[in-house]
Amino acid sequence: ALRSRSGRSIINGNWAIDRPGRYEGGGTMFTYRRPNEISSTAGESFLADGPTNEVLDVYMIHQQPNPGIHYEYIIPGDNVISPQLLAHRRPGEPLNGQLGMPESTSHEDEDLHRETDILTGQSAATFPVIQPGRFPSHQPENQVPAMQPPRQNREHNWKQVGKTECTTTCGKGSQYPIFHCVNRITHEEVPEGYCDSSTKPIPEEEACNLFPCPAFWDIGEWSECSKTCGLGMQHRQILCRQIYANRTLTVQQYRCQHLEKPDTTSTCQLKICSEWQIRTEWTSCSVPCGVGQRTRDVKCVSNLGDVVDDEECNMKLRPNDIENCDMGPCAKSWFLTEWSDRCSAECGDGIRTRSVVCMTNHVSSLPLEGCGNNRPSETTPCNNGPCAGKVEWFAGGWTQCSTECGSGTQQREVICIRKTEGNFDVLNPYECSHLEKPPSQQSCYLKPCGSKWFHTEWSTCSKSCEGGFRVREVRCLSDDMAASTQCDPQLKPEEKEPCNTQDCVPEIDENCKDKYYNCNVVVQARLCVYTYYKTACCASCTRVANRQSGFLGRR
């Protein structure tokens, strides 16, 4: 990552990974490259032509051993023509002792003048790098410099005789003027030793071949395969690029239409995929009755036989490792609500109702196959007293609904009457048989019941005498007969109650009687232990024996 000292990120900043490309920063342009991590062993790199105008920091984060960093840099040179010297030079005055050329000079001379003009416009921040052997070393301050002959007496000077080849064939390259030592009168080339090397002009860079290069397809590295095994896909970036001024620019794709575009996708396969294996048989069902579940062990195994992550196998082909199992019906009982409080008829005969449902009973341990055919009745008769009674059918008002909630019935009295003055007589229904009789019963629904308490029948008492108890199961059920918690706890029916609280009375044996009137004396004398007295006073001895066993039992 690259960042300025001010904290501004240039490449890969703020924990975000940038794409390879060109990024501006530090006064220059950086080219960032990141090869494909699979197919290439080269590391990341960035390159800039410079110069930089601020301090930049390079950061690196790695999860494996640091492979090291390779870096190169260029430092500014010392031998630079002073811009002030160029700006204040008089016309015709030589550059560092070089004579100015008259107007009648050749084209090469004109090139030299043009290069001089370029030098005068050079920025003071330009630092040409010293090339070895180009300039002599400085003389010590205490050494007297050699006398130079007057400029007008010099027989030789430096002349531009041509230019170097352009560094590129297109897209703006660079070239430099070539200076040779010549006779100032004949312009014939002579060895460079005849000229003063300190006055030789520094070649300045010139632009050349400014026309753009042909566009080309820039092919990126292949991405990782989309699958770790089996047939997958990989992609690469294809950009239309064009080089100009030593910079590779991305251009619109129509500029590369003269070239065949490489493929951007390709199939790939790193290894053969793993497969599913069933390691165990199905387990036993999780419940002894009803519907439960059973399981088995399913693993993803590689082609080497190792157990690997499930993601390496085709999840669409994975065998089931869990399924439902039905162990048959569980024991069941009839669950009922209390009888409704209202009779369906305000007078005469009517009915009261209750709800009856067959459900699993967790209290009883009896191996019942089901609730059976002995379904408890859902209706019971009721009568609120006789009703009063023309030739026509007379229908009374509807009674209250037989239930306060849910589905119920309403009834009304329909009688055959004959009206009389101020009164009417009730006739036999046969007298009105030629008339359509109004209905005497209809269904009604006041409101949803919501949750209600249901309970089973009472179990058998635990004891036949002297106080036992009996139990029943109570459940709160909603309208759809599902378990609910919305019932009023204060209205919950009792789940346990005492029963058979009477004293235990021994059975009377008709053959066990007292044969004597004074058997109480036998009891008091504790003679009942003898067989004779136990038979002669059977009733008295038996009564005492039962009383004593009851006393010991209570202790």
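For this structure, a couple of remarks:
- Between N14, N66, the distinction of being exposed (fewer than 13 other Cβ atoms within 10 Å of the Cβ), of a type outside the set (K, R) and either at positive phi or not in a loop (DSSP other than H, G, I, E, B) (or both) belongs to N14 only.
- Within segment 154-189, the residues that satisfy the criterion of being in a loop (DSSP other than H, G, I, E, B) and within 24 Å of I243 (Cβ to Cβ) are T164, E165, C166, T167, T168, T169, C170, G171, K172, Y176.
- Filtered residues of segment 54-77 (kept if in contact with a strand residue (DSSP E or B) (Cβ under 8 Å, 6 or more places away or on another chain) and either within 15 Å of S4 (Cα to Cα) or basic (K, R) (or both)): E54, V55, L56, D57, V58, Y59
- Annotation: of all residues in segment 296-318 being open to solvent by 60 Å² or more (accessible area, probe 1.4 Å) and in a strand (DSSP E or B), the one that is modelled with the highest pLDDT is K299.
- Selection from segment 456-475 of residues that are surrounded by fewer than 18 Cβ atoms within 10 Å (Cβ to Cβ) and over 13 Å from C499 (Cα atoms): E457, V474
- Residue list for segment 413-437, restricted to those being within 26 Å of P381 (Cβ to Cβ) and either among the acidic types (D, E) or touching a Ser or Thr at 6+ places or on another chain (Cβ under 6 Å) (or both): E413, V414
- Selection status of R418, at pLDDT 80 or above and among the basic types (K, R): no
- Residue in segment 267-285 that is in contact with a helix residue (DSSP H, G or I) (Cβ under 9 Å, 6 or more places away or on another chain), surrounded by fewer than 13 Cβ atoms within 10 Å (Cβ to Cβ) and closer than 30 Å to P20 by Cβ present: no
- Those residues of segment 132-163 which are surrounded by 14 or more Cβ atoms within 10 Å (Cβ to Cβ) and either modelled with pLDDT of 85 or more or of a type in the set (A, V, I, L, M, F, W, C) (or both), in sequence order: F135, H156, N157, W158, K159, Q160, V161, K163
- Of the residues making up segment 164-181, those that are at pLDDT 90 or above and open to solvent by 50 Å² or more (accessible area, probe 1.4 Å) number 5.
- Considering (1) over 18 Å from N12 (Cβ atoms); (2) at pLDDT 85 or above, the lone condition that T41 does not fulfil carries the number (2).
- Residue in segment 468-475 that is among the aliphatic types (A, V, I, L, M) and within 17 Å of R342 (Cβ to Cβ) present: no
- Check on V391, among the hydrophobic types (A, V, I, L, M, F, W, C) and at pLDDT below 80: yes
- Test for R526: is it more than 30 Å from F394 (Cα to Cα), open to solvent by 90 Å² or more (accessible area, probe 1.4 Å), out of contact with any Leu (no Cβ under 9 Å at 6 or more places or on another chain) and outside any loop (DSSP other than H, G, I, E, B): no
- Just one of the listed residues (D196, D218) is within 30 Å of H180 (Cβ to Cβ) and open to solvent by less than 80 Å² (accessible area, probe 1.4 Å), and it is D196.
- Taken over segment 32-63, residues that are open to solvent by 30 Å² or more (accessible area, probe 1.4 Å), under 21 Å from R247 (Cβ atoms) and assigned to a strand (DSSP E or B) amount to 6.
Yes/no matrix, rows are residues, columns are (1) open to solvent by 90 Å² or more (accessible area, probe 1.4 Å); (2) modelled with pLDDT of 90 or more; (3) not basic (K, R):
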site: D321; (1), (2), (3): no, yes, yes
site: S333; (1), (2), (3): no, no, yes
site: A345; (1), (2), (3): no, no, yes
site: G372; (1), (2), (3): no, no, yes
site: P381; (1), (2), (3): yes, yes, yes
site: T399; (1), (2), (3): no, yes, yes
site: R412; (1), (2), (3): no, yes, no
site: V426; (1), (2), (3): no, no, yes
site: E431; (1), (2), (3): no, no, yes
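- Residues (part of a strand (DSSP E or B), in contact with a Gly (Cβ under 9 Å, 6 or more places away or on another chain) and polar (S, T, N, Q)) located in segment 319-343: N324
- Residue list for segment 458-480, filter: among the hydrophobic types (A, V, I, L, M, F, W, C) and assigned to a strand (DSSP E or B): F469, V471, V474, C476, L477
The values are calculated or read from the model by the stated rules, or taken from the named source; none is laboratory data. These numbers come from a predicted model, not from an experiment. Reconstructed Cβ throughout: ideal geometry from the backbone, glycine too, with neighbour counts over all protein chains shown. These accessible areas exclude ligands, DNA and RNA; they are computed on the full protein's heavy atoms, side chains included. Shrake-Rupley method; radii C 1.70, N 1.55, O 1.52, S 1.80 Å.
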